[in-house]
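Undergrad: Pasting a structure below so you can have a look.
The values are calculated or read from the model by the stated rules, or taken from the named source; none is laboratory data. These numbers were taken from a predicted model, which means no experiment stands behind them. Neighbour counts are summed over all protein chains in view; Cβ atoms, including those assigned to glycine, are modelled from backbone coordinates with ideal geometry.
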Amino acid sequence: MYLEDVQKTAQEQGILQQDLWKMTQTWEPGVLPDATALARARDSLPQTLPDDGLGFDWATKHVLDDMVPAFNRSSISPNYYGFVTGGITPAALFADNIVSAYDQNVQVHLTEHTIATDVEHCALGLLVDLLRLDRRHWHNGTFTTGATASNVQGLACGREFVLRTAAERKGLSIKSVGEHGLFEVMQAAGLSGVQVLSTLPHSSLGKAAGILGIGRANVRNICRDDNPLRFDLERLEMELAAPHKASIVAVSCGEVNTGQFATSSLQEMQQLRALCDKYGAWLHVDGAFGIFARILDPPTAEFASLTRGCEGMELADSIACDAHKLLNVPYDCGFVLSRHPAEAMNVFQNANAAYLTGGQSGGGGGRELSIPSPLNNGMENSRRFRALPVYTSLLAYGRNGYKTMLQRQVRLARMIAGWLYDHPKYNVLPAAGSREALLDQTYMVVLFSAKDDILNGGLANSINATSKMFVSGTSWDGRPACRIAISNWRAEEERDFALVTHVLQSVADESA
Ligand SMILES: *Cc1c(COP(=O)(O)O)cnc(C)c1O
């Protein structure tokens, strides 16, 4: 019975995949499920595990009829502007189904057994090319579940480096936090803590600090009084010079509320690099979505401020990136790049598991291996072949495909920002001065509020209640604000501008 079921499943999966393909290539106007669909889905959830299976037919019908209508269309609709969700390119969707069907585990590099780990390494190189980084220094890192995990990994490597450096500067030879533990190393080096210095860091840096024993309270804003997005370099140097502290500097390359950049020139990155070198600090970049502005190359006047915003990122020690946002591949996929592969090995090595290193010695046919097993430079020991959708999508659309996609997203964001700027009832944030300056600085995120407090208080809810588009509610300068993040490959300037301005106008009119 069980076997029959599995065989049948395999046959029907072939059909099912084509249906899935069709389902996700068309979207319905609503971006959120209606209340009835949600209620029906909730009522259909079983209270207990059935002893006997309900069968493949029943289970798949249940998912399609009860669950799917209760999903939002966050990746499918071009008008879902919440968070930074991205979409899924057709090539990525295809590859993701292959990943599930063949279920390759990439963590141990078994050269004679599967090409999967080689493909991951290759995909990482393609990403390094896409971001215009030098392969000689940057073709190191790993695929992660997303930018949060990438930030954990970047800060973990930073922690390793800064504590060893602090110890060395005191004449001690301490090998590794990964080996000896945070407490022994801190004590030996005479340090009282590690701090992460940033400007409006993404909340995941706090989470990373919590996980890594640095502490959320030690992630600190070192921003200028007149601009919360930029470093106060004088204060930064004072903090770096603090005795008994080791520091990681984290650059918000794409601040999540505004989409704006923490630096605006190669020279600023050089200054940060020089400060980090002087004080033995690690320079980490949170480039989840911002780093992708490097695709807008060669520089043009139209995108000059964006190009400048991610200039000099090659001077960093580690860069955290998302793939499930602007690369438009399915969750869960991010990557972390680092110029110092040895640090990741110090932290993540899966020591003393002989059965897992079989492929590295002997098992690989005696060939010299240049690709480290991901098992030793990332968090998991077994994991999904999550690079295949990235690989397939990059090859399908190329540098220019991704560039065109991003240009459309930025242009649409700027059209909306300009419209809001001119509108008597709305403000664009942060207050930018001139219309030209605003448009120049706008990436693919538009932050705005209503001038009137009553309209503003319920603005995100009023917009989302239309179900024609979705915005994230946030706050800026102590007032509620809304955020439009354009990250779907389906974005189309004229069509989406008409829809967005129609919704925003109707919400403003209703409040009159
Ligand atoms: C989204 C985001 C993260 C976290 O990424 P996840 O993919 O949600 O783990 C980190 N930093 C920035 C700037 C982000 O936009």
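Undergrad: Looking only at the range 60-103, how many residues end up being under 17 Å from Arg384 (Cα atoms) and of a type in the set (A, V, I, L, M, F, W, C)? I'd like the intermediate steps shown before the answer.
TA: Step one: list which residues in the range 60-103 are under 17 Å from Arg384 (Cα atoms), which gives 92-103.
With the extra rule that they be of a type in the set (A, V, I, L, M, F, W, C), the set shrinks to 92-95, 98-99, 101.
Of the residues in the range 60-103, 7 are under 17 Å from Arg384 (Cα atoms) and of a type in the set (A, V, I, L, M, F, W, C).
Undergrad: If I filter the range 260-273 down to residues being more than 11 Å from the ligand (Cβ to nearest atom) and aliphatic (A, V, I, L, M), which single residue comes out as farthest from His244 (Cα to Cα)?
TA: Leu266
Undergrad: Quick one: which helices (runs of 4 or more DSSP H) sit completely within the range 115-210 and have at least 3 residues that are within 16 Å of the ligand (Cβ to nearest atom) and either more than 18 Å from the chain's Cα centre (by Cα) or buried (at least 21 other Cβ atoms within 10 Å of the Cβ) (or both)?
TA: Numbers: elements: 116-130, 135-138, 147-169, 177-180, 182-189.
Where helices (runs of 4 or more DSSP H) fall fully within the range 115-210 and carry at least 3 residues being within 16 Å of the ligand (Cβ to nearest atom) and either more than 18 Å from the chain's Cα centre (by Cα) or buried (at least 21 other Cβ atoms within 10 Å of the Cβ) (or both), they are 147-169.
Undergrad: Does the range 302-321 contain any residue that is within 11 Å of the ligand (Cβ to nearest atom), on the phi < 0 side of the Ramachandran plot and not basic (Lys, Arg)? Give the steps one after another, and end with the answer.
TA: Residues of the range 302-321 that are within 11 Å of the ligand (Cβ to nearest atom), as a first pass: 320-321.
Cutting the leftovers down to on the phi < 0 side of the Ramachandran plot gives us 320-321.
This time we only want the ones that are not basic (Lys, Arg), so: 320-321.
Checked the range 302-321: at least one residue is within 11 Å of the ligand (Cβ to nearest atom), on the phi < 0 side of the Ramachandran plot and not basic (Lys, Arg).
Undergrad: Next question. Take the range 74-90 and flag every residue that is more than 19 Å from the chain's Cα centre (by Cα) and either buried (at least 20 other Cβ atoms within 10 Å of the Cβ) or farther than 19 Å from Leu406 by Cα (or both). Give the derivation first.
TA: First pass over the range 74-90, keeping only residues more than 19 Å from the chain's Cα centre (by Cα): 77, 79, 90.
Passing the criteria: Ser77, Asn79.
Undergrad: For Ser75, which of the numbered conditions (1) away from the ligand (no atom under 16 Å from the Cβ); (2) in contact (Cβ under 8 Å) with a residue 60 or more places away in the chain; (3) hydroxyl-bearing (Ser, Thr, Tyr) fails to hold?
TA: Going through (1) away from the ligand (no atom under 16 Å from the Cβ); (2) in contact (Cβ under 8 Å) with a residue 60 or more places away in the chain; (3) hydroxyl-bearing (Ser, Thr, Tyr) one by one, Ser75 breaks only (1).
Undergrad: Looking at Trp476 and the list (1) surrounded by fewer than 14 Cβ atoms within 10 Å (Cβ to Cβ); (2) in contact with a strand residue (DSSP E or B) (Cβ under 6 Å, 6 or more places away or on another chain), which single condition is not satisfied?
TA: Result: Trp476 passes all but (1).
Undergrad: While we're looking at this one, here's another question. Give me the pairs: first residue in the range 185-209 and farther than 11 Å from Ala250 by Cβ and outside the structural domain of Thr263 (by TED's automatic domain parsing), second residue more than 16 Å from the ligand (Cβ to nearest atom) and assigned to a helix (DSSP H, G or I), beta-carbon distance under 8 Å, and six or more apart or on different chains, which are they?
TA: Hits for this filter: zero, empty list.
Undergrad: Checking the structure you have, find out if any residue of the range 274-287 is away from the ligand (no atom under 12 Å from the Cβ), part of a loop (DSSP other than H, G, I, E, B) and either hydroxyl-bearing (Ser, Thr, Tyr) or in the same structural domain as Ala481 (by TED's automatic domain parsing) (or both).
TA: So in the range 274-287, the residues away from the ligand (no atom under 12 Å from the Cβ) come out as 274-283.
Imposing the further condition that a residue be part of a loop (DSSP other than H, G, I, E, B) reduces the set to 280-281.
Pick out the ones that are also either hydroxyl-bearing (Ser, Thr, Tyr) or in the same structural domain as Ala481 (by TED's automatic domain parsing) (or both) and you get none.
The answer is no; no qualifying residue exists.
Residues checked against (1) surrounded by fewer than 19 Cβ atoms within 10 Å (Cβ to Cβ); (2) in a helix (DSSP H, G or I); (3) within 21 Å of the chain's Cα centre (by Cα):
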| site | (1), (2), (3) |
| --- | --- |
| Ile371 | yes, no, no |
| Thr392 | no, yes, yes |
| Leu406 | no, yes, yes |
| Ile416 | no, yes, no |
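Undergrad: Considering only residues of the range 229-258 that are touching a Ser or Thr at 6+ places or on another chain (Cβ under 7 Å) and within 15 Å of the ligand (Cβ to nearest atom), which is nearest to Ile484 (Cα to Cα)?
TA: Residue satisfying both the conditions and the ranking: Asn257.
Undergrad: Any residue that is within 16 Å of the ligand (Cβ to nearest atom), surrounded by fewer than 24 Cβ atoms within 10 Å (Cβ to Cβ), at pLDDT below 95 and more than 27 Å from Leu283 (Cα to Cα) - is there at least one of those in the range 376-383?
TA: Yes, the range 376-383 contains a residue that is within 16 Å of the ligand (Cβ to nearest atom), surrounded by fewer than 24 Cβ atoms within 10 Å (Cβ to Cβ), at pLDDT below 95 and more than 27 Å from Leu283 (Cα to Cα).
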